[in-house]
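See structure below.
Nothing in this text is a laboratory measurement; each read-out follows from the coordinates by a stated rule. What you are looking at is a predicted structure, and each value in this text was computed from that prediction instead of being measured. Here the Cβ positions follow ideal geometry from the backbone for every residue, glycine too, while neighbour counts run over all protein chains shown.
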Amino acid sequence: MLELSMDKKGKQAHFSTISDVLENYEKKEDKYISREFQKYGYDLAEQLNDLKNKSLYIKLAKKEDRALLESVKSFVIDAENVKNPTALFLWKLTELKKKRKQKEQKNK
């Protein structure tokens, strides 16, 4: 099948073959990501070098506050000699959520 290509003035220039079109086609990097929180969760897993648990980070990106996730991410990235980034991430997330809850109760 041939594809019609246009020149700069919008006139028909020539036909391209399907193989030419497919050669120039660049596969989209995030073709299975359709929502913003999925992209954020995937990027978070990538930054923490923990792609095997990307679904966990996507779920957290959907349900948790971004500011909280960002502070936990920076804590884990700054930590040295981390054997299990997932465990450290979840521990710190729990700690910050507890602090936030205590602060809210104090303000009532």
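How high is the FRET efficiency between Ser74 and Lys108 when r is their beta carbon distance and R₀ equals 35 Å, given to the nearest 0.05? The value I calculate is 0.75.
Which entries of Lys59/Lys99; Lys54/Lys101; Lys52/Lys97; Lys62/Lys99; Lys39/Lys59; Lys59/Lys83 show an alpha-carbon separation above 18 angstrom in the structure shown? Walk me through the numbers before you get to the answer.
Values: Lys59/Lys99 22 Å; Lys54/Lys101 27 Å; Lys52/Lys97 24 Å; Lys62/Lys99 21 Å; Lys39/Lys59 11 Å; Lys59/Lys83 22 Å.
Pairs exceeding the cut-off: Lys59/Lys99; Lys54/Lys101; Lys52/Lys97; Lys62/Lys99; Lys59/Lys83.
Rg/Rh for segment 36-107 (Cα atoms only, Rh after Kirkwood) is 0.99.
Extending 7 Å from Cα along the Cβ direction at Lys39 and again at Thr17 yields two label points whose distance is 3.6 nm.
Highest-first packing order for the peptide set 83-89, 68-74 is 68-74, 83-89, based on the mean count of other beta carbon atoms within 10 Å.
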